[in-house]
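Report on the structure given below.
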Amino acid sequence: MRAAAGLWARKHLVFSMFRHLNPAARLHVTYERRTADPTGILRGIHRFLGVPEHDIGADGKEMPRHTFAGNWRFQEQGSSTIHEDAEWRYELGPGSTALVELLAGRLNRKLMRGL
């Protein structure tokens, strides 16, 4: 848990240092928005990149099979339904929650306010 929270904080700290350089050249997509409106987000990405939209399914939640860094689940299943997974918010114990807050909480709140 400590390694994951520290890695998140380091990556997002670097992001926060460069995100104001050229606001017009970036598109911010949150996990929550991506899971709530996959079709809208994908269309927005296509527009942002200036490329034609591809067939993304009726609601954008059923995507063709992909392989992400050897993730076996995406290799074994034909498709994956996109939905928000918030279990981690409720299943972290008090010690893990405190550790994540200590290592990444302040930066997370700063990023969410500034975007």
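Laboratory data are not the source of any read-out in this text; all were calculated from the coordinates shown. Source: prediction; values computed, not measured. No Cβ is skipped: glycine too gets one built from the backbone with ideal geometry, and neighbour counts run over all protein chains shown.
Based only on other Cβ atoms within 10 Å, what is the fewest-to-most ordering of Asp37, Asp85? Walk me through the numbers before you get to the answer.
On the way: Asp37 15, Asp85 9.
Neighbour counts put them in this order, fewest first: Asp85, Asp37.
By count of other Cβ within 10 Å, fewest leading, how are Val100, Val14 ordered?
Working: Val100 20, Val14 10.
Final ranking by Cβ density, sparse to dense: Val14, Val100.
For Tyr90, Tyr31, what's the fewest-to-most ordering of other Cβ within 10 Å of each Cβ?
Numbers: Tyr90 6, Tyr31 10.
Ascending Cβ contact count within 10 Å gives the list Tyr90, Tyr31.
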